[in-house]
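Colleague: Pasting a structure below so you can have a look.
The values are calculated or read from the model by the stated rules, or taken from the named source; none is laboratory data. All figures in this text were calculated on a predicted structure; none of them were measured in a lab. SASA here: full protein model, heavy atoms, side chains in, ligands and nucleic acids out. Shrake-Rupley method; radii C 1.70, N 1.55, O 1.52, S 1.80 Å.
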Amino acid sequence: VVVPKDAGPGVRHAAAELTNYLHKITGGTFALADGPVAGLNTVLVGTPYKAARRDEIRIRARDAKTLEVTGDGPLGTLFAVYDLLETFGCGFYAHDYEAIPAAATLTLPVGYDKVDAPFMTWRGMWGRIAREQFDYCMKLRFNNSDQADANYKRRLAEVGGGYHGDFSQRLTSRFVPSSKFLKTHPDWYAYIR
């Protein structure tokens, strides 16, 4: 697993998560390096990428021996890692329960190239899990910085920051009428019943 030499803590965290889960799935050892190693397949984590949308991910097989896992900054890269792990069969069902498959080999189809971005700009929840379970929140692709404790906010800053959307329910139900804006901004009304 190759991480750029100048990668910050967010990309390094994403690469560490990837190697940790690949080991759990396969039992193999996946080392972190700052350049490709002759004779071995390469997974590039956090390569430069110009995203078209916020928190966008890109996972692509450059060739038969090189996989690129990247995204919109460190946060998009971390989201790409979790997306790839889900593609390999991992399930992140609760902060204290996840399913990890056992597989001797992992493959993707020739020409695999996934580009995706979340539909909603602000993604998160309030409550204890949102404040205390940073890793689980990242697996769910949350990006909110609201109501988080200092440690959560520090770690979120390390992976490229978050999105603060402290607007509560009244803004979209009372002051920004859905009859006028729902068609062009459905994400503004996602929390309205």
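Colleague: For the pairs K153/K183; K50/K153; K24/K139; K114/K139, flag any whose C-alpha to C-alpha distance is greater than 21 Å.
Modeller: The answer is K153/K183; K50/K153.
Colleague: While we're here: When the C-alpha atoms of the chain are aligned to their principal axes, what extent does each axis show, in angstrom, from largest down?
Modeller: Dimensions of the chain along the principal axes of its Cα atoms: 61, 32, 32 Å.
Colleague: Also, quick follow-up: Return the calculated 222 nm mean residue ellipticity for the chain, to the nearest 500 deg cm²/dmol, obtained by summing -39500 (n - 2.57) across DSSP H runs with n ≥ 4 and dividing by the residue count.
Modeller: The helix contribution divided over the chain gives -8500 deg cm²/dmol.
Colleague: At q = 0.24 Å⁻¹, what is the log10 ratio I(q)/I(0) for segment 72-149, with the Debye formula run over Cα points and no solvent?
Modeller: -1.25
Colleague: Starting at the first residue of segment 90-95, write each ³J(HN,Hα) from the Karplus equation 6.51 cos²θ - 1.76 cosθ + 1.60 with θ = phi - 60°, in whole Hz, x for Gly and Pro.
Modeller: So the Karplus estimates, Gly and Pro as x, are 5, x, 9, 8, 7, 5 Hz.
Colleague: Taking the solvent-accessible surface of protein heavy atoms with a 1.4 Å probe, what is the per residue accessible area of the chain in Å²?
Modeller: 56
Colleague: Check T66: other-chain or 5+ apart residues with amide H under 5 Å from its amide H, H built from backbone geometry?
Modeller: T42
Colleague: Through the Karplus equation 6.51 cos²θ - 1.76 cosθ + 1.60, θ set to phi - 60°, convert the phi angles of segment 83-88 into ³J(HN,Hα) values in whole Hz; use x for Gly and Pro.
Modeller: Per residue, the Karplus-derived 3J(HN,Hα) values read 4, 4, 4, 5, 4, 7 Hz.
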